[in-house]
Amino acid sequence: MSKRAKSSVVVTDEACHLPAETSENFRDQLPRIVDAIVESCHDKETVDHIDAVAIPDRESVIELIDDLRDLLFPGYFGNQEIDRNHLTYHLGSEVNVVFEKLSHQIARAIRHECHRSEIICTHCLNRSQAEALYFLEQIPGLRKSLAGDVKAAYNGDPAAKSFDEIVFSYPAIIAITTYRIAHELHIRSIPLLPRMMTEYAHSITGIDIHPGARIGENFFIDHGTGVVIGETTEIGNNVRLYQGVTLGAHSFQTDPNGSLKRGYKRHPTIEDDVIIYSGTTILGGNTVIGAGSIIGGNVWLTHSVPPGSHVVIEEPELKILTPKEMKRDI
Amino acid sequence: MSKRAKSSVVVTDEACHLPAETSENFRDQLPRIVDAIVESCHDKETVDHIDAVAIPDRESVIELIDDLRDLLFPGYFGNQEIDRNHLTYHLGSEVNVVFEKLSHQIARAIRHECHRSEIICTHCLNRSQAEALYFLEQIPGLRKSLAGDVKAAYNGDPAAKSFDEIVFSYPAIIAITTYRIAHELHIRSIPLLPRMMTEYAHSITGIDIHPGARIGENFFIDHGTGVVIGETTEIGNNVRLYQGVTLGAHSFQTDPNGSLKRGYKRHPTIEDDVIIYSGTTILGGNTVIGAGSIIGGNVWLTHSVPPGSHVVIEEPELKILTPKEMKRDI
Amino acid sequence: MSKRAKSSVVVTDEACHLPAETSENFRDQLPRIVDAIVESCHDKETVDHIDAVAIPDRESVIELIDDLRDLLFPGYFGNQEIDRNHLTYHLGSEVNVVFEKLSHQIARAIRHECHRSEIICTHCLNRSQAEALYFLEQIPGLRKSLAGDVKAAYNGDPAAKSFDEIVFSYPAIIAITTYRIAHELHIRSIPLLPRMMTEYAHSITGIDIHPGARIGENFFIDHGTGVVIGETTEIGNNVRLYQGVTLGAHSFQTDPNGSLKRGYKRHPTIEDDVIIYSGTTILGGNTVIGAGSIIGGNVWLTHSVPPGSHVVIEEPELKILTPKEMKRDI
C-alpha cells in the first residue's frame, strides 16, 4: 500500500533486533521445541496434570454459576420475560439442566481428588448426583437468605435506587450469591469446585470470600473491591462491610517440622449488627468484634473489642502546607 | 484404564460421605424440588422478577459499551484497518447499529421502571429513540473529552509509551470512557442502564465511578484498582487520582422514620488541578479540596482544605528492628 | 398484555422527559450525526487510529494467553484428559498453534510501531517468527519458574489445599504466569503486546504487574487485589506479598522543558526472602528492602532498610468507646 511507503527510512536488521537465524525456515525448529517441552514434563521440578482424570473446567463452572443465579433470582438474568403461568415449566427445565451440570462437575471434582490420592472410588457418580440433589434442596432457603442480602444493600446504601438495580448490578450480590452457593458445597466436603466458584466471583468483583467462611443473614458489602474474608472467619447477622476490609490471619502456626499448619481457626469472629468501614484490617482467630460495634475506616485491629464498641483511629496528624509554606518546604 | 486401578484401596460409602438414598433414581426427586422453588416465588420474603417486562440484559449492555468504544476511538477496537476513504461507511454502519441497540436497551430500562411503578407509558419507544439520538449527538463532544483524558494519562504516567498503548490497555480509559457514556444517560434520567454500565467497568478495572458523579476534563486515574467515586462527587479539570482513592460519604442522614435519605450531596468536591495519591480517603458532602492542592498517600480527610494546600500524613512512627533486636523481641 | 394495563395512570410526555422532536423519523437524523463524527476525526484534538495498520487485538491476546497457559501447565486448562502417550501429539499441535498466533500478534505490534514512527520495516514477518520461536524456546525454563511459584503459594498459604487448587483458582498464578510471559516479550523489545497481556491479567485479578519489572523465583502474592508493581521494580527470590501492596514511584523527574522523564529507575528493589504484608506502600528508585526483611501491614516506606529488618507501624492510638461513652460522644 502506498501509505506504508511514505517514509524512505529503511530499517536494518540490527534496528529490528533481528536474530541471526532469520534465513532458516522457523517452522523446522518447532519439533525440537516440542521435544524440550515434553522433556520438561518428566521433570519433577515442574507442575503438570498428565495421566490425571478430567477436572472441573473454568468455563463450565462459570456457566453453572450463571444458571444457578437464574434459579436463585428467577426472571432477572435470562433474555425472556417469565410470567407466573410458565414459571413451573421454566424452573422445571432449569432445575434439570443444573442437576446435570452440577452433578457432572461434582463428579469431576471428586474423581480428581480420589485419583490424585491414589484411591479407587466406585461411587463417584452416585455421590455426585446425591450431592447435586442435596444442593438443589437448599435453593428455597438460599433464596430467602439472598433476599435478606438484597434488602440489606437497599437499607445500607443511599445510592441504591431499587431492589432491581441491586440484583442487576451490585458486585456484592454476585460475590455473596456465589459465596452462598460455594459454601453449601464446601460444607458437603466437595473439593476444588467451591474455591473455583469464589475465585471466579473474586475476579469479577474484587471481593475475595473463602467458601469456608461462615456468614449470617442480611450481609452487605458496599463497593467491595479489595475485601478479603478468610477461610475460618465467622460473621453474624446484619453485618455491613466497605471496600478494602480484610478479615485475615495474624500469623501462621507451623508444625514441628516447619511446614504450615492448615485448618485451625486463624481469622476473626464478627458478631451481629457490626459495621466495618473501608480499608480496615482485623486479624487473628481469637479476635472477636462484639455485637453492635462500629469499626471506623483504616483501623488495624488485632485484639477483641466488647459489644457496642466504637473504634476509630486517632486521626493521624496531617501537615497542611499553604502555597507559601510549600515554597519554603521544597 | 489400568492407570486408574493402580491402588487397591477401596473407598467405603462412609469415606465418600455418601448420603443414604444412593439407590434411588435421583431424577425422580427433581419435580418435588421444582415445586419447592416455585412455591418460594410466592413468598414475600424472596426476590424475583416474574410477571415483569423484559429488562436490559448484561450481555447486551457489554456489547453496547464495546460498540460505543469503537465509535469513540475509531479504528482501535475492531479487527479491520480503517482508512479515511471508508471512514464514512464504517461509522455510518456503526452509528445505525448503535442506534438500534441503544434505543432497544433504553426502551427496556424505561418500560421496566414504568411497569415496576405501576404506570402505563405509551411513549416508551418514541422516547427511547429520541434519547438514543440525543446520546449519539454527544459523540463528537465526548471524543474531545476522551482525547483530553488520554493526553492526561500520557502526561501523568512515566510508564506510558504512547497514546496507543494507553487507549489499548489502560484500565482508566475503560473506566472513564464508560463513566462518560453512562453519565450522559444518567443526566437524561434513563434508569438502570447507566449503573449497569459503570458496574461492568468496575468489574473489569476495579474502578467504581457512580454515573451521577460530575467529572471535568483531562481526568486520569493511575493503576486504579480500589478507586471509589461516589454519586454526588464533583471533580474539576486536570485532576489525577491513584489506586485505592475513595471519594465517599461520611455518614448517612436518615428520615424521621429511620430510613436512609437518598440523593442529597454527601460526597466531596475536588477543584481543578488536584492530585490525590494512593490509598487516600476523602469524605463528606461539605468537604472541598481547593484548586491546585496535592493530597499525599494514605491520608484520611473529612474536612476542606484551601486552594494550593499540600496535605501529607506525619509519617507514622515505624519500629525497625534489626535481627539482633528481633531475637529479643520474639 | 393485560398485566401491563393494571394501572390507570397515564404518563404525559413531560413525565417521560420526552424531547420535542418525537414526531420525526429519528433515523432520518442519523446521517447528520455520522457526518459530525466523521468531521471529528479530522480534528487534531481527538484520538483515532485511522489509516494505521492493524493492531494486536484484545480478543486474540486473551486467546493467546489461554493457549500459553495450556503449554505452561499441560493438562490443567483444556477439556480433555491428557495421558503420556498422547503428550507429544498434544503439545506438538499446541506449539504449532501458538507459533502462528504469537508471530501474528508480534508482527502486528511491530508493524504498528514502525508505521506510527513512519519507518518502513521490510523484516516484520521474519522478525516476528524469529521472536515467536525464541519465546517458545523459553517455555521449559518458564515451566520451572512457575512450578516454583506454585510451591511458594502452597508453602505460604495455610488455606491452600493442593497444588491443583492453586493452579486452577489462584489469581496470583494467573497474574504471575501472564507477567512471566509478558516479561520475556518485553526484554525482546516487542511493543504494545506485553502491556496488553499484563493489563488483561490486571483486569481479572486486580494485580497490576508492569512487564518491565524484574522478579526472581518462588514468588507469591496472596489474595492480590490492589497490588501494584511498577515498571522498574526489582524483586529477588522467595518474596511474598499480600493484597494492596504498592511498589511504586515516589515522585517524577521532568525534563528541562517540563515533560516527564521516562525509563529511569523509580521503583524500589526488594531483596531475597522478604515478606510484605497487606496495604503497605514502598516507594522510590533508591529504596532497597534488605534480604530477609519482614515489612508489616499498612506501612508507608520511602527509604531503605538493612537486611533482616522487621518494620511495623507503631499501632496508631485507637479510641475505643463503650456504649455509655458513645452516648456522651455523640
Review point. Within the range A:182-194, is there a residue that is closer than 21 Å to B:S203 by Cα, at pLDDT 95 or above and in a helix (DSSP H, G or I)?
Key: yes
Revision key, fill the gap. Inside the range B:233-248, the number of residues satisfying the requirement of being within 12 Å of chain A (Cβ to nearest Cβ), part of a loop (DSSP other than H, G, I, E, B) and open to solvent by less than 20 Å² (accessible area, probe 1.4 Å) is 3
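In the set A:F252, A:F219, which member is open to solvent by less than 10 Å² (accessible area, probe 1.4 Å) and among the aromatic types (F, W, Y)? Break it down into steps so the answer makes sense when it comes.
Values: A:F252 fails: open to solvent by less than 10 Å² (accessible area, probe 1.4 Å).
Testing whether each residue is open to solvent by less than 10 Å² (accessible area, probe 1.4 Å) and among the aromatic types (F, W, Y) leaves just A:F219.
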Exercise for review: Answer yes if at least one residue in the range B:238-250 is touching a Leu at 6+ places or on another chain (Cβ under 9 Å) and farther than 27 Å from C:H250 by Cα, and no otherwise.
Suggested key: yes
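Could you please let me know if A:G226 is within 20 Å of C:G244 (Cβ to Cβ) and either open to solvent by 40 Å² or more (accessible area, probe 1.4 Å) or in a loop (DSSP other than H, G, I, E, B) (or both)?
On the way: within 20 Å of C:G244 (Cβ to Cβ): yes; either open to solvent by 40 Å² or more (accessible area, probe 1.4 Å) or in a loop (DSSP other than H, G, I, E, B) (or both): yes.
Criteria met by A:G226.
Any residue at all in the range B:84-96 that's charged (D, E, K, R) and facing chain C (nearest Cβ under 7 Å)? Walk me through how you get there before you give the answer.
Residues of the range B:84-96 charged (D, E, K, R): B:84, B:94.
Within this subset, residues satisfying the condition of being facing chain C (nearest Cβ under 7 Å) are B:84.
Scanning the range B:84-96 turns up at least one residue that is charged (D, E, K, R) and facing chain C (nearest Cβ under 7 Å).
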Check your understanding: Within the range B:170-201, which residues are within 13 Å of chain C (Cβ to nearest Cβ), open to solvent by 10 Å² or more (accessible area, probe 1.4 Å) and not aliphatic (A, V, I, L, M)?
Key -> B:P171, B:H186, B:R188, B:S189, B:P191, B:Y200
**Study point:** Enumeration of residues in the range C:76-115 that are charged (D, E, K, R), within 29 Å of C:F163 (Cβ to Cβ) and without any contact (Cβ under 8 Å) to a residue 40 or more places away in the chain
**Key:** C:E81, C:D83, C:R84, C:E94
Practice item. May I ask you to say which residue of C:A153, C:A213 is modelled with pLDDT of 95 or more and closer than 25 Å to C:K265 by Cα? Key: C:A213
Practice item. Would you mind finding the one in C:K161, C:K144 that is assigned to a helix (DSSP H, G or I) and at the interface with chain A (Cβ under 9 Å from one of its Cβ atoms)? Key: C:K144
Revision key, fill the gap. Residues of the range C:33-56 being out of contact with any helix residue (DSSP H, G or I) (no Cβ under 6 Å at 6 or more places or on another chain) and at pLDDT 85 or above, in sequence order, are C:D35, C:E39
Check your understanding: Are any of the residues in the range C:149-158 farther than 22 Å from B:D164 by Cα, open to solvent by 10 Å² or more (accessible area, probe 1.4 Å), of a type in the set (A, V, I, L, M, F, W, C) and under 17 Å from the mean Cα position of the chain (by Cα)?
Key -> no
Exercise for review: Would you mind listing the strands (runs of 3 or more DSSP E) fully within the range B:249-330 where at least 1 residues are modelled with pLDDT of 90 or more and in contact with a strand residue (DSSP E or B) (Cβ under 7 Å, 6 or more places away or on another chain)?
Suggested key: B:281-283, B:310-313
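Do we find that B:G285 is under 28 Å from C:H303 (Cα atoms) and either touching a Pro at 6+ places or on another chain (Cβ under 7 Å) or surrounded by fewer than 23 Cβ atoms within 10 Å (Cβ to Cβ) (or both) in this structure?
no
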Practice item. Just give me the residues in the range A:34-81 being under 30 Å from B:E45 (Cα atoms), of a type in the set (A, V, I, L, M, F, W, C) and open to solvent by less than 30 Å² (accessible area, probe 1.4 Å), in sequence order. Key: A:V61, A:L64, A:I65, A:L68, A:L71, A:L72, A:F73
Practice item. Name, by its number, the condition in (1) out of contact with any strand residue (DSSP E or B) (no Cβ under 9 Å at 6 or more places or on another chain); (2) open to solvent by 10 Å² or more (accessible area, probe 1.4 Å) that does not hold for B:L136. Key: (2)
Review point. Out of (1) under 30 Å from A:I110 (Cβ atoms); (2) of a type in the set (D, E); (3) without any contact (Cβ under 8 Å) to a residue 60 or more places away in the chain, what's the single condition that is false for A:D149?
Key: (3)
Exercise for review: Give the residues of the range C:203-229 that are closer than 16 Å to B:A159 by Cα, at the interface with another protein chain (Cβ under 7 Å from one of its Cβ atoms) and in contact with a strand residue (DSSP E or B) (Cβ under 6 Å, 6 or more places away or on another chain), sorted by residue number.
Suggested key: C:D208, C:V228
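The values are calculated or read from the model by the stated rules, or taken from the named source; none is laboratory data. Keep in mind that this is a model prediction, so the values were computed, not measured. FYI the Cβ positions are ideal-geometry reconstructions off the backbone, even for glycines, and counts take in every protein chain you see. Side chains included, ligands, DNA and RNA excluded: accessible areas come from the protein's heavy atoms. Shrake-Rupley method; radii C 1.70, N 1.55, O 1.52, S 1.80 Å.
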